[in-house]
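Take a look at the structure below.
What follows draws every value from the coordinates through simple rules; no lab data is involved. Note that the structure is predicted; figures quoted are calculated from it, not measured. Heads up, the Cβs are rebuilt from the backbone with ideal geometry, glycines too, and the neighbour counts pull from every protein chain shown.
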């Protein structure tokens, strides 16, 4: 597969992670280099791994996985989005505890933003295409896009304050809804 095609696929796959990184950063989380590294690393790693997993599953499991993968993404994004909204409406101490750039929330977001990569890996496997090279490129591109989104989100967050956290939760819910609608309509 030519590099340009791989790059376009990687950019398309990175858009969910970009949106989540932007929302997370604008809502006041992802402060500092450690949080930026955690988000970018996890989003890039999971994007890479899910492409590989999808390729490994191949044609045998494709019909079963394709039928529920978007529901998994919807559920994970909705849970995190609802928690971000709740955190935005809660007093400061709880808002600080609900940092989506840490722990299981980070893992859930990384999985949710990379389920489409598994579907792409399945498709590539069905077409008998190698997934290693595209998975590495997708992981790197996703990490870079996440860093760019976090940087942009910090500027946006400084302007809009705590309302950005509420907006970020709403954005995650809208992304979750878009995932379901794109697969059911």
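Some observations on this one:
- Taking label points 7 Å from Cα along the Cα-to-Cβ direction, residue 128 and residue 67 give a separation of 2.8 nm.
- Counted residue by residue at 0.36 nm each, then reduced by the alpha carbon distance between them, the extension gain from residue 102 to residue 182 reaches 25.9 nm.
- A Förster radius of 30 Å combined with the Cβ-Cβ distance from residue 1 to residue 45 puts the calculated FRET efficiency at roughly 0.90.
- Residue-span extension gain [residue 151 to residue 31] - 0.36 nm each, minus C-alpha spacing: 42.2 nm
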